[in-house]
Amino acid sequence: DPKCMEEALKIAGDRRPLIYAATKRNWREMAELALKYKCPLAVFSPNDLKTLKSLSKTLLEYGVEDLLLDPGTFPGEGLADTWNNFVMLRRLACKEEDELLGFPLIGVPLTAWLVNPAEPETIKQWREAYVAGMLISLFADLLIMHSIEGWVLLPNVILRQNIYTDPRKPVAVEPGLRTFGSPDEMSPVLLTSNFALTYYTVAADIEASKKDCYLLVADTEGLAVECAVAGRKLTAEGIADVIKSSGVEQKVKHRKLIIPGRAARLKGEIEDATGWGVMVGPLDSSGIPKYLADNWPPKET
């Protein structure tokens, strides 16, 4: 109802809320509101892509440029139609370069609650969760949901965070020097790879040790320590480079480097390439707190 919408916009219009939604019956009134309050406008045409495209064109010509498209979400018997509509919209926009269908897509998993009102609440939540996951994988940009339970939202948040990760390229952090606490010239210097999971696990275990430390992160192209050693992505020469580029030599007086236990075979090569003494640390980073407590400072510094 455009009249109700305008009353709401009088209160919240300065926040640029999304106006939901323009249809073939009310598009002119909704367009006037979008222009008056300078808000984005959703275009709703359930299971009718031709009308959705026509409305998109009409609204653009009317002067409304900030559009979102909602082709309808049908979690029951219409689930296949929902799938097809989202796929076709993105196929037409990307492969056919149809700019009228290239706007962000809205999915409404909330409609899962309308399939069978007599169903137990947990079934409705479960249906809403899988519909949301499906729509994320089908390029939905905005989801309208009802459930706030963690088991409904968390899987979809995790899916969204990783949907654009390149499976051919491991997730990595920037190589270089990290500090933990307030390290001084006699604080230990540890080494790890720049594989994200390895780095954050090592970082958490160093923090658990309550020791002031330096951590050298070598560029292993995103590989974990054991894989990097086997694939020659973690080498003595690379470690020598990160020691020099990080400036750690100017931060500590000692020349002791603690390497991961799974890189023990590189001990001699690292000592030859860097001139540093190498201490072989634990095989698993969970052993770092005990290792530092037992072995730092070393007997010979």
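The values are calculated or read from the model by the stated rules, or taken from the named source; none is laboratory data. Since the structure is predicted, the reported quantities are computational estimates derived from the model, not experimental observations. Cβ placement follows ideal geometry from the backbone for every residue including glycine, while neighbour counts extend to all protein chains displayed.
Below, the figures for the structure above:
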quantity: Residue within region 100-115 that is modelled with pLDDT under 95, farther than 30 Å from residue 245 by Cα and surrounded by fewer than 15 Cβ atoms within 10 Å (Cβ to Cβ) present; calculated: yes
quantity: Any chance residue 61 is acidic (Asp, Glu), assigned to a helix (DSSP H, G or I), in the same structural domain as residue 10 (by TED's automatic domain parsing) and within 18 Å of residue 26 (Cβ to Cβ); calculated: yes
quantity: Scope region 8-34; condition at pLDDT 95 or above, among the aliphatic types (A, V, I, L, M) and surrounded by 15 or more Cβ atoms within 10 Å (Cβ to Cβ); matching residues; calculated: 9, 18, 19, 22, 30, 31, 33, 34
quantity: Residues that are surrounded by 13 or more Cβ atoms within 10 Å (Cβ to Cβ), in a loop (DSSP other than H, G, I, E, B) and modelled with pLDDT under 95, drawn from region 187-213; calculated: 211
quantity: Region 82-95 - residue that is of a type in the set (Lys, Arg) and part of a helix (DSSP H, G or I) and, of those, farthest from residue 164 (Cα to Cα); calculated: 91
quantity: Complete set of residues in region 272-289 that are surrounded by fewer than 17 Cβ atoms within 10 Å (Cβ to Cβ), assigned to a loop (DSSP other than H, G, I, E, B) and more than 34 Å from the chain's Cα centre (by Cα); calculated: 275
quantity: Region 136-152, residues that are out of contact with any Phe, Trp or Tyr (no Cβ under 6 Å at 6 or more places or on another chain), surrounded by fewer than 19 Cβ atoms within 10 Å (Cβ to Cβ) and not in a helix (DSSP H, G or I); calculated: 139, 141, 142, 144, 148, 149
quantity: Selection within region 96-135 - closer than 16 Å to residue 76 by Cβ, among the small types (Gly, Ala, Ser) and part of a helix (DSSP H, G or I); calculated: 112, 129, 132
quantity: Residue within region 122-142 that is over 30 Å from residue 43 (Cα atoms) and not assigned by TED's automatic domain parsing to the domain that holds residue 284 present; calculated: yes
quantity: Filter result for residue 245 (of a type in the set (Ser, Thr, Tyr), crowded, with 20+ Cβ neighbours inside 10 Å and in contact (Cβ under 8 Å) with a residue 24 or more places away in the chain); calculated: no
quantity: Boolean, residue 53 is touching a helix residue (DSSP H, G or I) at 6+ places or on another chain (Cβ under 6 Å), surrounded by 14 or more Cβ atoms within 10 Å (Cβ to Cβ), of a type in the set (D, E, K, R) and in a helix (DSSP H, G or I); calculated: yes
quantity: Criterion: surrounded by 14 or more Cβ atoms within 10 Å (Cβ to Cβ) and in contact with a Cys (Cβ under 8 Å, 6 or more places away or on another chain) - qualifying residue of 234, 223, 292; calculated: 292
quantity: Near pairs, Cβ below 7 angstrom, 6+ apart or cross-chain, from region 9-27 (assigned by TED's automatic domain parsing to the domain that holds residue 62 and closer than 17 Å to residue 144 by Cβ) to any residue that is surrounded by 15 or more Cβ atoms within 10 Å (Cβ to Cβ) and of a type in the set (D, E, K, R); calculated: 21/70
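Per-residue answers, yes or no, for (1) over 13 Å from residue 258 (Cβ atoms); (2) basic (Lys, Arg):
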position	(1), (2)
182	yes, no
187	no, no
200	yes, no
204	yes, no
210	yes, yes
227	yes, no
231	yes, no
238	yes, no
